[in-house]
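Let me begin by presenting the structure, written as structure tokens, before commenting on it.
Taken together, the values in this text are just the output of simple stated rules run on the coordinates, not laboratory data. Computed from a predicted model, the values in this text were never measured in an experiment. Note that each Cβ is placed from the backbone with ideal geometry, even for glycine, and that neighbours are counted across all protein chains shown.
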Amino acid sequence: MSAARFYLLWLCVMSVITFFVMGSDKRRAKQGARRVPEARLFLLALLGGGVGGLLGMYVFRHKTRHLQFALGFPLIAAVQVLAALYLLRIVG
């Protein structure tokens, strides 16, 4: 498997994980249960889950009013997608 394809697979797996963690945190917020730390949500996004985190924000309507998430997750996702496209030789 090429490095580009491995990176794309990594982004997909991390995005799925981050998406479900966002959903879990929203459910916990509604139940008044112990929450997922914001630092962990950002770490998951930075480790490749930017797209999943961004989708989770809007699907679950979670953290959309927090400026650091509203700006950070789209920026992280854009950098990760552009990097994947570059590695796959689609852009650049």
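General observations
- For GLY48, the test of being in contact with a Cys (Cβ under 9 Å, 6 or more places away or on another chain), at positive phi and not aliphatic (A, V, I, L, M) is passed.
- Subset of the stretch 10-32 [more than 11 Å from LEU44 (Cβ to Cβ) and small (Gly, Ala, Ser)]: GLY23, SER24, ALA29, GLY32
- A Cβ distance below 6 Å, combined with a sequence gap of six or more or placement on separate chains, defines the contacts here; from the stretch 61-77, residues that are in contact (Cβ under 8 Å) with a residue 40 or more places away in the chain reach residues that are surrounded by 13 or more Cβ atoms within 10 Å (Cβ to Cβ) in the pairs HIS62/MET22; HIS62/LYS26; LYS63/MET57; LYS63/PHE69.
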